[in-house]
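**Q** Below is the structure I would like to discuss, written out as structure tokens.
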Amino acid sequence: MAAQNADAPALFFAPGRANLLGAHMDYNGGHVLSVALSKGTYGAFRLRSDGRIGLKSAVFHDKPVSTTLDELRPGRTRDWSAYAEGALYVCRKEWGNFGGVDIDLTADLPMAVGLSSSASVECLIVFALAELLGVKVAPDKLIRMAHRAETEYVGVRCGIIDQAAILLARDNHALLFDCMEHTREHVPFCADRLSIAVVDSGVSRELAKSAFNERVAECTSALSALQGELPGLTCLRDVTPAAFMAHKARLEPPLDARVQHVVEEVPRALAGTRALRGDDFVGFGAAMTGAHESLRDLFSVSTAELDALVEAACAVDGCYGARLTGAGFGGCVVAAVAPEAQADFESAVPRAFADAGFGETTVEWFRASGGPRRLRPEETAPGFPLPA
Ligand code: GLA
């Protein structure tokens with residue numbers, strides 16, 4: 001075996017994720033079923049001792065960042081490096097002044113299309129630094145740290161599911177995560193029985209951050225209005241269908257529609273997960289498609305392109321279900337497909353999308369993968385070895 005170069009950077013990988021059930025449920029305290037994807041973010045890490053931070057990205061190669069740990073503070077940048085800086089900022093807050101680091105990033109995951117490229121970077125960095133600094137830390141703590149990078153540093157009021165989906169992931173399993181209790185269950189999701197298709201709508205998610213924060217604010221207002229009627233209510237997940245019917249007049253449109261989505265998505269996500277556990281892929285897929293219809297009609301986060309893709313996907317024999325993934329407002333559709341239907345899916349969906357006048361798209365295939373890991377020295381990543 002070749003001797004290892006002591007100066008070689010330490011290489012780490014963190015996956016992206018797709019949410020399958022429980023749409024916009026995390027910040028409402030509900031259950032989410034997600035999978036980590038077989039593509040994600042790679043980082044080459046070199047610890048420093050002079051307090052400096054060097055960040056490079058193969059995607060934003062013309063915008064390297066050179067700063068210091070001391071200069072990291074929320075609002076410092078809105079550029080690509082905000083997610084990485086946020087993770088380093090939180091690591092420093094938690095673990096003290098760790099001396100600085102150079103990180104070269106690259107990815108084989110499409111960015112900003114709803115597959116959580118941002119949480120992938122945050123999770124990669126907190127995971128890698130914990131290992132390189134020798135900090136013993138439970139995965140739940142890393143989840144909270146990666147989540148704070150996004151909420152405190154970047155300023156997105158997201159729930160915790162993206163970071164939990166990535167850091168708790170297991171190969172060939174989906175994760176059912178209770179976003180209120182933080183309990184979890186790994187549900188078999190085997191690549192030889194279910195393929196995950198991702199199809200990009202090509203619609204940029206420019207508005208995603210502000211529109212996402214607006215949905216969170218609507219849910220918060222609806223919760224306050226209902227708390228007047230239902231003392232002790234702490235999150236929308238606990239509004240029963242009967243309580244919703246009795247009190248929905250208290251909710252101004254569109255808040256009534258937003259709450260109806262949550263009230264219906266709670267049992268749909270749990271029923272869909274039960275179906276998956278019982279190998280009832282048809283029932284599972286129906287819950288995915290049901291989630292999409294509700295996101296379109298009640299939560300208003302879909303687009304004409306995403307709707308066309310879901311319709312085209314569901315028309316393929318062997319596609320169990322499809323929905324937009326992530327926050328919506330553009331980005332991708334995710335579908336659960338029987339492996340033997342892959343070829344049909346791959347030709348039919350882009351064709352139907354083009355026929356509907358929406359241009360070209362392609363299908364990418366994934367399987368449910370494990371969480372972040374250190375790469376073995378002989379493993380390579382796209383873009384590696386990186387320039388010194
Ligand atoms: C984004 C957010 C998540 C979650 C989803 C919607 O991905 O980052 O926290 O709210 O949208 O389910």
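The values are calculated or read from the model by the stated rules, or taken from the named source; none is laboratory data. Being a predicted model, the structure only gives us computed values, none of them experimental. When we count neighbours, we look across all protein chains shown, and the Cβ atoms used for this are built from the backbone with ideal geometry, even at glycine. Note: accessible area is taken over every heavy atom of the protein model, side chains too, but ligands, DNA and RNA are not part of it. Shrake-Rupley method; radii C 1.70, N 1.55, O 1.52, S 1.80 Å.
**Q** Among LEU72, LEU175, LEU306, which one moves the most in a GNM of the chain with springs linking Cα atoms closer than 10 Å?
**A** Sorting by GNM fluctuation, first place goes to LEU72.
**Q** For a label point 7 angstrom out from the Cα of LEU132 toward its Cβ, which stretches of the stretch 32-46 have the backbone nitrogen within less than 11 Å?
**A** Once the point is set 7 Å along Cα→Cβ of LEU132, 43-46 turn out to lie under 11 Å by backbone N, inside the stretch 32-46.
**Q** What is the helix-to-structure angle for 255-277, meaning the angle in degrees between its Cα long axis and the longest Cα principal axis of the chain, kept from 0 to 90 and rounded to the nearest 10?
**A** Taking the Cα atoms of the chain, the angle to 255-277 is about 80 degrees.
**Q** Expressed as a rounded percentage, what relative contact order does the stretch 295-359 have, with Cα pairs under 8 Å and six or more residues apart?
**A** Numbers: 84 pairs, mean separation 20.8, N = 65.
Reported relative contact order: 32 percent.
**Q** Can I ask one more? Kindly provide log₁₀ I(q)/I(0) values, in the same order as q = 0.18 Å⁻¹, from the Debye equation applied to equal alpha-carbon scatterers of the stretch 1-147.
**A** -1.11
**Q** As I understand it, the value is the acute angle between the Cα axis of helix 139-148 and the longest principal axis of the Cα atoms of the chain; what does it come to in degrees, rounded to 10?
**A** Result, in degrees: 80.
**Q** Shifting gears a bit: What residue among LEU230, LEU167, LEU88 shows peak mean-square fluctuation when the chain is described by a Gaussian network model with Cα springs under 10 Å?
**A** LEU230
**Q** Something else: Could you give the dipole magnitude of the stretch 317-385 about its Cα centre, charging the beta-carbon of Lys and Arg +1 and that of Asp and Glu -1, in debye to the nearest 20? Intermediate results must be reported in sequence, preceding the final value.
**A** Details: 6 positive and 9 negative charges, 93 e Å.
The calculated dipole for the stretch 317-385 is roughly 440 debye.
**Q** In whole percent, how big is the carbon plus sulfur part of the accessible area of the stretch 234-378, probe 1.4 Å, protein atoms only?
**A** Details: 3110 of 6200 Å².
The value for the stretch 234-378 is 50 percent carbon and sulfur by accessible area.
**Q** Using a simple spin-label model with points 7 Å from Cα along the Cα→Cβ vector, what separation in nm is obtained for ASP280 and SER300?
**A** For ASP280 paired with SER300, the spin-label model returns 3.4 nm.
**Q** How fast does the chain diffuse by Stokes-Einstein, in µm²/s, taking the Kirkwood radius from C-alpha pairs at 10 °C and 1.306 mPa s? If you can, show how the numbers build up before the last one.
**A** Working: Rh = 21.5 Å.
Rounded to a whole number, D works out at 74 µm²/s.
**Q** Then there is this: Give me the accessible area per residue for the chain, probe 1.4 Å, as a whole number in Å². Please list the in-between numbers first.
**A** Numbers: 16120 Å² over 388 residues.
About 42 Å² of surface per residue is accessible.
**Q** What is the percent carbon and sulfur in the accessible area of the stretch 49-190, measuring with a 1.4 Å probe over the protein chains and ignoring ligands? Before the final figure, lay out the partial values.
**A** Values: 2750 of 5640 Å².
Result for the stretch 49-190: 49 percent of the exposed heavy-atom area is carbon or sulfur.
**Q** Under a crude label model (7 Å from the Cα following the beta-carbon direction), how far is ASP7 from SER66 in nanometres?
**A** 1.8
**Q** Which one, GLU265, GLU378, GLU305, has the greatest fluctuation when you compute a Gaussian network model over the chain with C-alpha springs under 10 angstrom?
**A** Comparing GLU265, GLU378, GLU305 in a Gaussian network model of the chain, the most mobile one is GLU378.
**Q** Placing one identical point scatterer on every Cα of the stretch 88-198 and ignoring solvent, what is log10 I(q)/I(0) from the Debye formula at q = 0.18 Å⁻¹?
**A** Values, matching the q order: -1.02.
**Q** If the viscosity is 0.890 mPa s and the temperature 25 °C, what translational diffusion coefficient in µm²/s does Stokes-Einstein give for the stretch 105-262 when Rh comes from Kirkwood over Cα pairs?
**A** 134
**Q** Can you tell me how much longer the chain between CYS235 and ASP192 gets when fully stretched, taken as 0.36 nm per residue apart minus their C-alpha distance, in nm with one decimal?
**A** Values: separation 43, 0.36 × 43 = 15.48 nm, distance 3.80 nm.
My answer for the length gained is 11.7 nm.
**Q** In addition: How big is the shadow of the Cα convex hull of the stretch 174-319, averaged over all directions, in nm²? Don't skip to the answer; put the middle values down first.
**A** Working: hull surface 40.2 nm².
Average projection, Cα convex hull of the stretch 174-319: 10.1 nm².
**Q** For the chain, find the longest principal axis of its Cα atoms and tell me its angle to the long axis of helix 342-355, 0 to 90°, nearest 10.
**A** Its long axis makes an angle of about 70 degrees.
**Q** Taking Cα centroids, how far is the stretch 180-244 from the stretch 31-53 in Å?
**A** Value for the Cα centre distance between the two parts: 25 Å.
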